[in-house]
1. What net charge do the residues around Tyr198 carry, taking every other residue with its C-beta under 14 Å from that of Tyr198, with Lys and Arg at +1 and Asp and Glu at -1?
2. May I ask you to rank His158, His149, His131 by accessible area, largest first, using a 1.4 Å probe over the protein chains only?
3. Under a 5 Å amide H to amide H cut-off, with H placed in plane at 1.01 Å, what residues pair with Thr53 once short-range neighbours are removed?
4. List the trypsin sites (Lys or Arg not before Pro) in segment 77-119 that DSSP assigns to loop (not H, G, I, E or B) and whose Cβ has at most 16 other Cβ atoms within 10 Å. Which are they?
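The values are calculated or read from the model by the stated rules, or taken from the named source; none is laboratory data. The structure presented is a predicted model; accordingly, all values stated were derived computationally and were not measured. Please note: Cβ atoms are built from the backbone with ideal geometry, for glycine as well, and neighbour counts cover all protein chains shown. When the accessible area is computed, the model is the full protein with side chains, heavy atoms only, and any ligands, DNA or RNA have been set aside. Shrake-Rupley method; radii C 1.70, N 1.55, O 1.52, S 1.80 Å.
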Amino acid sequence: MQTATLYLAPSSKPSFLMKADPNDGLKLYSYWRSSAAYRVRIALNLKGLVYETIAVNLVGEGGEHLQEPYSRINPQALVPVLSDNGNIITQSMAICEYLDERYRDYPLLPKDVLQRAHIRSLALQVACDIHPLNNLRVQKYLKSQCEEHIDITKWMLHWMGEGLAAIEKQLAEKSGGHSVNLPVEPGLFECFLIPQVYNAERYGTDMTMFPLLGRIVTECRQHTAFINAAPENQPDAVLL
């Protein structure tokens, strides 16, 4: 089955692999509000895969991701990490690509080469241009170095707004400025877009400025795979 969506993410070489405990099945090391982990949860759910969530608290007790034994599993001390029968894969893009290659049911990428390239570009704009400027460790560093001189919320709104506006413009150009072909079956771009919009809304981004993206988000949020992957529905969720 080939996905009809126009908005997905890349496929490249697998991530560096390390060995953990063998014969463990699928385990996802996750934090409920991590947008990178959120992406992988959606991908796992879209593919109908059963997995165990292992919560890694990024904020409590100095951050479990910085402590043993997690730092042995992932020397970057980041989430998510996927363990597939003891094979450790890091980085959300690499994990999603691995899942698509390893588990063929419900492909997350289309077959057309040009379409895949377009999709990769859009997904990488989320993963590499928007998200890294706003993630938790960047916020902490800015606060520690520039607390008296920088408004963190203003910083985040600027970069998220700029990045989403660029994607909106590309979708408008592709669709003639009138509408966007919503995915019959969501794929990798949706896996990356929805978590980013979740973050944008948390910090007060006016999403009415991006009507084409808004249509995609509205449809995806009615899909069971996205509902079950939502931060508030995770076992380690702390609802504030």
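1. Details: positive: Arg33, Arg39, Arg41, Arg202, Arg221; negative: Glu190, Glu201, Glu232.
The answer is +2.
2. Numbers: His158 95, His149 155, His131 30 Å².
Descending accessible area places them as His149, His158, His131.
3. Distant-sequence amide H within range of Thr53: Leu28.
4. Details: sites: Arg102, Arg104, Lys111, Arg116; in loops: Arg104, Lys111.
Sites meeting the loop and neighbour criteria: Arg104, Lys111.
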